[in-house]
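Single-structure report; data block below.
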Amino acid sequence: MAFSKLLEQAGGMGLFQTLQVLTFILPCLVIPSQMLLENFSAAVPGHRCWTHMLDNGSAVPANMTLKALLTISIPPGPNWEPHQCRRFRQPQWQLLDPNATATSWSEADTEPCVDGWVYDRSVFTSTIVAKWDLVCSSQGLKPLSQSIFMSGILVGSFIWGLVSYRFGRKPMLSWCCLQLAVAGTSTIFAPTLVIYCGLRFVAAFGMAGILLSSLTLMVEWTMTSRRAATMTVVGCAFSAGQAALGGLAFALRDWRTLQLAASVPFFAISLISWWLPESARWLIIKGKPDQALQELRKVARINGHKEAKNLTIEVLMSSMEEEAAAAKEPRSVLDLFCVPVLRWRSCAMLVVKMTADGILHSVGRLGAMMGPLILMSRQALPLLPPLLYGVISIASSLVVLFFLPETQGLPLPDTIQDLESQKSTAAQGNRQEAVTVESTSL
């Protein structure tokens, strides 16, 4: 908690923190568009095979209706709609006979869509499915691009964490915003699906860095007591971005335009991010106290806090001495079990998670039983289902908010030392309470 005390001398929570949250809300509003974009840009429109009779105007008899042309050119599919993946080799004129039956043609009379497909453009004017014909035998390629995108986030989460610790949060944030903007914009020019998937991977790789660096910067410049509220605001912005994507896709029906709308804002975000100061905490740990002092004074000046003049390099180093020393010690995943307090909490969380999992499955079955009954009640009480679902969600949130005694009223620890300090303080409090009770009883 040493850095929190330094942050108090720089004004605590003030104008700077407000501006910082507003800055980080911008990427949080746009990032969901990148993650969920292919729900719209990769939508599968209605389609059928291209045929000479239907799609070559010069070959269409003048007295033939569209329905008749479909009947003789495209076989019926499983739902008796025009088949999406096969066509007749030759026009089946006998099918125009009102007495024709399903036995009037055979599978041998059909062939795949060798000349391509015709797509319904009434909902989306263009999608990547229509651009690269990701239908029928190639429909397995459609989810490939989203899988590659998510793998980019996975790889980026590993890589950017190390890069951030080595080179700093601020330059990584600016670079990742620029990387996402360039890669996302370039996808509209991709000539092949392979290049498109590669650019989506690069964009996702940069997006992972934006999430890591922005959240880290915000947490490190926010007072411990306000971090939960700040992260809640950012989480709401993320949800708002998800909700806004539907309206954006409704307005922009072409996948290229939609892709640009989700990518171009990151050029501006990359420029805006340069006003943010580097994490003073990271600077101190990396042995750059002079620069850390400048950043703290800059924040204090924005917050209108004049007592920052008392901040000196000596104050910084004395306050962060233990944390800086702890950061230089080699750490690994095994520390979860080597440090007593971490070992206890890690094992306790495992037991609690398994117990909660069992309760969740049991309650989930109860909900599955009640679900159809609740939907049936909608005829008599239309507002009952949404009210019931909303009340249950709010009630469960309030239970978590007010009935978690382990963390209620406690600041979240930053280091292992903070965790051990909390435990020792709690133990001393329990002993003092026991002594008080004993003396009272005597």
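Against the test of being of a type outside the set (Gly, Ala, Ser), over 20 Å from Leu258 (Cα atoms) and modelled with pLDDT of 85 or more, the options Trp132, Trp105, Trp93, Trp117 yield a single qualifying residue, Trp117.
Show the residue pairs that are 6+ apart or on different chains and have beta-carbon atoms under 8 Å apart, the first residue being within the range 388-399 and outside the structural domain of Ser377 (by TED's automatic domain parsing) and within 15 Å of Gly371 (Cβ to Cβ), the second being in a helix (DSSP H, G or I) and modelled with pLDDT of 80 or more. The qualifying pairs do not exist here. On the stretch given as the range 254-301, residues that are within 17 Å of Ile31 (Cα to Cα) and small (Gly, Ala, Ser) total 6. Taking the range 146-192 as the range and being outside any helix (DSSP H, G or I) and modelled with pLDDT under 90 as the test, only Gly168 passes. Checking each residue in the range 241-263 for being surrounded by 14 or more Cβ atoms within 10 Å (Cβ to Cβ), out of contact with any Gly (no Cβ under 7 Å at 6 or more places or on another chain) and among the aliphatic types (A, V, I, L, M) picks out Ala244, Leu245, Leu248, Ala249, Leu252, Leu258, Leu260, Ala261.
Exactly one of these conditions fails for Met53: (1) at pLDDT below 85; (2) under 30 Å from Ser270 (Cα atoms). Give me its number. Among (1) at pLDDT below 85; (2) under 30 Å from Ser270 (Cα atoms), Met53 violates only (2). For Val44, are the conditions met, namely being modelled with pLDDT of 85 or more and assigned to a loop (DSSP other than H, G, I, E, B)? Criteria met by Val44.
Pairing each residue of the range 288-306 that is free of Cβ contacts under 8 Å to residues at least 12 places away in the same chain with any residue that is among the β-branched types (Val, Ile, Thr) and surrounded by 19 or more Cβ atoms within 10 Å (Cβ to Cβ), provided the two are 6+ apart or on different chains, yields no C-beta distance under 9 Å. Out of Ala204, Ala208, Ala183, one residue alone is of a type in the set (A, V, I, L, M, F, W, C), in contact with a Ser or Thr (Cβ under 6 Å, 6 or more places away or on another chain) and under 18 Å from Pro27 (Cα atoms). It is Ala208. Residues that are in contact with a Gly (Cβ under 6 Å, 6 or more places away or on another chain) and free of Cβ contacts under 8 Å to residues at least 40 places away in the same chain were ranked within the range 148-182; the one that is farthest from Ala292 (Cα to Cα) is Gln179.
Taking Leu384 as the residue in question, decide whether it is farther than 18 Å from Val400 by Cβ, surrounded by 10 or more Cβ atoms within 10 Å (Cβ to Cβ) and not hydroxyl-bearing (Ser, Thr, Tyr). Here the answer is yes, as Leu384 does meet what is asked.
Within the range 308-358, the set of residues being of a type in the set (Asp, Glu), at pLDDT 65 or above and surrounded by 11 or more Cβ atoms within 10 Å (Cβ to Cβ) comprises just one member, Asp335.
The set of residues from the range 196-225 being at pLDDT 90 or above and not in a helix (DSSP H, G or I) is empty.
Applying the criterion of being over 21 Å from the mean Cα position of the chain (by Cα) and either crowded, with 21+ Cβ neighbours inside 10 Å or in contact (Cβ under 8 Å) with a residue 40 or more places away in the chain (or both) to the residues of the range 183-219, the residue that is nearest to Gln9 (Cα to Cα) is Ile188.
The values are calculated or read from the model by the stated rules, or taken from the named source; none is laboratory data. Since the model is a prediction, treat every value here as computed from it, not as a measurement. So basically every Cβ, Gly included, is an ideal-geometry build from the backbone, and we count neighbours across all protein chains shown.
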